[in-house]
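**Student:** Mind having a look at this structure? Questions to follow.
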Amino acid sequence: MSTALVIARNTISEALRRKILNAFLMVGVATIVLTFAFQAFQPRQELTLIKGMGLGIISLAGILISVILSINLIPNEIERRTIYTILSKPVRRYEFLLGKWGGAVGTVFLNIALMSIVFVIAVAIKQQIGGQDVDAFQLLKGALMTYMQLFLLCSLAIFLSIFTTPLVNFFLTLSLFVIGNLSSFTQDLARNSQNVLVKYFFTAIHYLVPNFGNFQYSNPLLNPGVQVQNEALFLIQNVVYAVVYSAVLIILAVLAFDRREV
Amino acid sequence: MFSKSQRQGLLGVVAALVAGVVLLQARIDPLRRQDAIEPKSVQKAIGGVASGQGANQAALPFEYLLGTLTGFRQVIAGLLWVRTDSFFHSGNYDAVLPMIRLITWLDPNWLDVYSTGAWHLMYNFTDTDQRSDRRYLEPGLALLDEGIANNQHVYDLYKEKGWNNFDKVKDYATAVEALQAGEKQDPNHDVTQIGHLLAHSLERSGNPDGAIAQWEKVAKSHKAILDDPKATSEKKGRATQGYNSARENLKHMKVRRIVRREDTQPPVNAHFDVTVRRIKPKVLEISGVLNLVGAKEFDMGTPENPGQGILVEGPVDGARVDVRLQDQGYAMKRQKEMTSFEVDPSVTIMQDQLSTRGGKMVKKGSMFVAHGKNAYGSVERNLERVGVYGFTDDEVAKFKLGTVPLSKGLGQLSATGQLQAVTAAYPLPFGSGKKLYDASEVAAQMAKLRRDAKKLAELDAKNYRVSLGEGYQYGTFKREIDMSKDPGMYSFSKDKYELILSFNPRTAPDFVQDRIGWSGEGLTDDNYLVVDKERNNLRMLRKVIVLTKDDLTGSGVKTLTGTK
């Protein structure tokens, strides 16, 4: 397992040197700072706008970083033939894959953490200056949900990268991301449909496609007056869901990669 | 490479984990579908696109729809709100409405959008003369009700509903209901915003005892904040202002509760009458008479030691006659949800207020100010308080008041006239604590004035005179209301209309209510007095004139009612 950790560390340091990923990060941070330009609005409206935009920018930047990083990790190694060098050492295929996956989720964690810290501190300062109650640290719950969503997204992209080219993987991952966000609609379609086949089809979609919609948790953070029932349970269940589903995808990826010709 | 048994083992683990995923999702679903996390109204924003229900429906562009569906719902709402703000500042008010509809669907917990949207609907659509388009009151109130339904435990929208009913609709009973609900639903409500407005609403709804109880409650709440060691200095600062305001209002209410019992009797006859003329198509001239009497000087005192109440009374300016032209039988509907922001173009409603001015009186032996030909001359505030009015030459002749200057008429001054003369000559210093000279002081000051030739010359130069006759003139109102400039707002598509002219004592200023009472107890009228039992026995003046479409849109001058 220490081999996987070494690979993960190397993956992270390689990823942090990649210009395009750093560009997304810089754009993310800059855009967060720019949202503080909504001064034409009343303080409370301004804060709602800043919080909504900030969380959205973190999410969008995170999605781009996750997908572009994860779809290329393994295919790049195969294309450049560097994978032979690694696998010729006593590095097992599953260690290599786990290391790459660990590096991906670690990189995403660092990016999300950086953007979130900048954002939360900026909001806290704004609230303090404005004489408002400082609740900026509640936004970390939104950051956590965003990270777990991206954790699952990385796992999905890496799983699909075993079978598909990066270009196909890009569109496939994003399509599944969109479908996964429509989970309320698939659930309603399953519930309301009269046709048994259609009912089972949408039920299968609802439960088998990763439910990225579970992690949309911005409403209570933007609107503090909203009362959420069983908030802690909801957040914990989502974290466990992301971990368990990612485990499914990574185990399947390991099994598939084990037999794949490189 | 894994062996066959290892592969089977791993696949078994995968199967177990998949079952775990399905079970977890089944547990997450009910929590996720709660309105606090996933509002149901989002589907309406999306359905607006899918259903294609014409221009009346708000619709999201595709890229916004995609953003909404992929978890960027509130980012989209934020972007739309920024866009809405730019539409507002560029004067494109109609474009603001579908945006408000979409944003409140996308984020039904964003309070500011509801409150700003309702304000926009109820205040910003006006005609050329800045009269509100009252057809927008229905969707505005519906939007607030919808916002309250989506945010039941937060006071903000209850306050907005209370304020809009108080200020715009003048439905004080509904304002009271909304504010009381806000107090109950949100124990952390802002005392000044909810509590103070509730007290004012109770007073305006004809419940002064309820208002007094509310002021006491509000003062106590502010005091609790002041006594709380954990309260911030900012919060204490606001509580100090609120406490002082509440105590002052409480004092006024309690004293008035005592003194108005006597001060409002006997009732004043308003002699209300109105003349309406059509001077051009869709242009009305409304004029009339209203005898409005109020307190010129008032002695407050304290609740423990109330003052004398009204010291000097007489005709006053400032109260308003409401004029409303509407389709016959029109009644505002109350909806629970804003189903449409379009208004019915066939409905006509015009509402305005006419100020009453020019009431005056003088008794034999009192003072008056001769204004000559100047119909807009003013009287010093100091003299207004003691009941001195100004009269033009025509009025002096009409009432036969004479031309005796003050210096020559000292011997003819009545007791009231002497008080007026010494007040004019030797005004009481500001901050002296005295409202008026008492009888012994008047006598002493009159003796001094008789010897003070220089002062008398000064007063004569100001055209102060002693009245040889009696004169009384009722207050009048007059306005030309031009509805021809806004055909979109005043379509006149129906056959019959009601022109309603009314005076409501509950909306009159304090100095008028001091004489006629909170609910018109001190008001009467020969022809137009109405007692409204549904509004706590409100005694008000109301005249309704039924007009036809031709009356309003025909050409030429036509008197529609009255004697002129």
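Just so you know, all these numbers are worked out from the coordinates, no wet-lab data involved. The model shown is predicted, which means the values in this text are computed figures rather than measured ones. In this analysis, Cβ positions are derived from the backbone assuming ideal geometry, glycine residues included, and neighbour counts consider all displayed protein chains.
**Student:** What is the order of B:Leu202, B:Leu459, fewest Cβ neighbours within 10 Å to most?
**Tutor:** B:Leu459, B:Leu202
**Student:** At q = 0.05, 0.06, 0.11 Å⁻¹, what log₁₀ I(q)/I(0) does a Debye calculation on the Cα points of chain B give, no solvent, two decimals?
**Tutor:** The Cα Debye sum returns log10 ratios of -0.33, -0.45, -1.16.
**Student:** Another question, then. I'd like the FRET efficiency for A:Val33 and A:Ser88, computed as 1/(1 + (r/R0)^6) with the beta carbon distance as r and R0 of 56 Å, rounded to 0.05.
**Tutor:** Step by step, r from the Cβ atoms, then E = 0.75.
**Student:** Continuing with this model, one more query. How large is the dipole of segment A:2-259 about the Cα centre if only Lys and Arg carry +1 and Asp and Glu carry -1, each at its Cβ, rounded to the nearest 20 debye?
**Tutor:** Values: 17 positive and 10 negative charges, 124 e Å.
With Lys and Arg at +1 and Asp and Glu at -1, about 600 debye.
**Student:** In sequence order, what are the phi-derived ³J(HN,Hα) couplings for segment B:290-296 according to the Karplus relation 6.51 cos²θ - 1.76 cosθ + 1.60 with θ = phi - 60°, rounded to whole Hz, with x for glycine and proline?
**Tutor:** In residue order, the calculated couplings are 8, 7, 9, 10, x, 7, 7 Hz.
**Student:** Go through segment B:243-251 residue by residue and turn each phi into a ³J(HN,Hα) via Karplus (6.51, -1.76, 1.60, θ = phi - 60°); whole Hz please, and just put x for glycine and proline.
**Tutor:** Couplings: 5, 5, 5, 5, 5, 5, 4, 5, 4 Hz.
**Student:** Helix B:73-89 sits at what angle to the longest principal axis of chain B, using alpha carbons and giving 0 to 90 degrees rounded to 10?
**Tutor:** Roughly 30 degrees between the two axes.
**Student:** Based on Cα coordinates alone, diagonalise the gyration tensor for chain A, multiply each eigenvalue by 5, take square roots, and list the semi-axes in whole Å, largest first.
**Tutor:** Each semi-axis is √(5λ); the values are 34, 25, 15 Å.
**Student:** Return B:His89, B:His252, A:His206 ranked ascending by Cβ neighbour count within 10 Å, so the fewest neighbours appear first.
**Tutor:** Sorted ascending by nearby Cβ count, the order is B:His89, B:His252, A:His206.
**Student:** Ordered by residue, what ³J(HN,Hα) values in Hz, to whole numbers, does segment B:253-264 give under the Karplus form 6.51 cos²θ - 1.76 cosθ + 1.60, where θ = phi - 60° and Gly and Pro are x?
**Tutor:** 5, 5, 5, 5, 4, 7, 6, 5, 4, 8, 4, 8
**Student:** Please sort by residue number the GluC sites (Glu not before Pro) in segment B:224-312 whose DSSP state is loop and whose Cβ has at most 16 other Cβ atoms within 10 Å.
**Tutor:** Loop-located and lightly packed - B:Glu304.
**Student:** I'd like the FRET efficiency for B:Ser245 and A:Val243, computed as 1/(1 + (r/R0)^6) with the beta carbon distance as r and R0 of 56 Å, rounded to 0.05.
**Tutor:** 0.50
**Student:** Report, in whole Å, the centroid distance computed from the Cα atoms of segment B:71-91 and segment B:427-494.
**Tutor:** 53
**Student:** In addition: Using 0.36 nm times the number of residues separating B:Lys170 and B:Ser484, minus their current alpha carbon distance, what extension gain do you get?
**Tutor:** That works out to 110.4 nm of additional length.
**Student:** How compact is segment B:360-473 by the rule of thumb for globular proteins, expressed as Cα Rg over 2.2 N^0.38 Å?
**Tutor:** After normalising by residue count via 2.2 N^0.38 Å, the value is 1.00.
**Student:** Also: Within 10 Å of each Cβ in peptide B:73-84, how many partner chain Cβ atoms are there on average? Round it to a whole number, please. Before the final figure, lay out the partial values.
**Tutor:** Values: counts 5, 13, 10, 2, 4, 12, 4, 0, 6, 5, 0, 0.
Other-chain Cβ atoms within 10 Å of each residue's Cβ, averaged: 5.
**Student:** Evaluate E = 1/(1 + (r/R0)^6) for B:Ala461 and B:Lys398, where r is the Cβ-Cβ distance and R0 equals 25 Å; express this FRET efficiency to the nearest 0.05.
**Tutor:** 0.50
**Student:** Using modelled amide H (1.01 Å from N, peptide plane; none on Pro or chain starts), what sits under 5 Å from the amide H of B:Ala295, excluding residues fewer than 5 places away?
**Tutor:** B:Val512, B:Asp514, B:Arg515
**Student:** In what order do B:Tyr172, A:Tyr241, B:Tyr528, B:Tyr472 fall by count of nearby beta-carbon atoms within 10 Å, going from fewest to most?
**Tutor:** B:Tyr472, B:Tyr528, A:Tyr241, B:Tyr172
**Student:** On to the next question. Just name one of A:Ala190, A:Leu55, A:Ile162: the one whose Cα is farthest towards the positive end of the charge dipole of segment A:2-259 (beta-carbon charges, Lys/Arg +1, Asp/Glu -1).
**Tutor:** In segment A:2-259, that residue is A:Ile162.
**Student:** 5 Å is the cut-off here: which amide hydrogens, built 1.01 Å from N in the peptide plane, fall below it relative to B:Gly301, excluding neighbours closer than 5 in sequence?
**Tutor:** For B:Gly301, whose amide H was placed from the backbone, the distant partners under 5 Å are B:Gly307.
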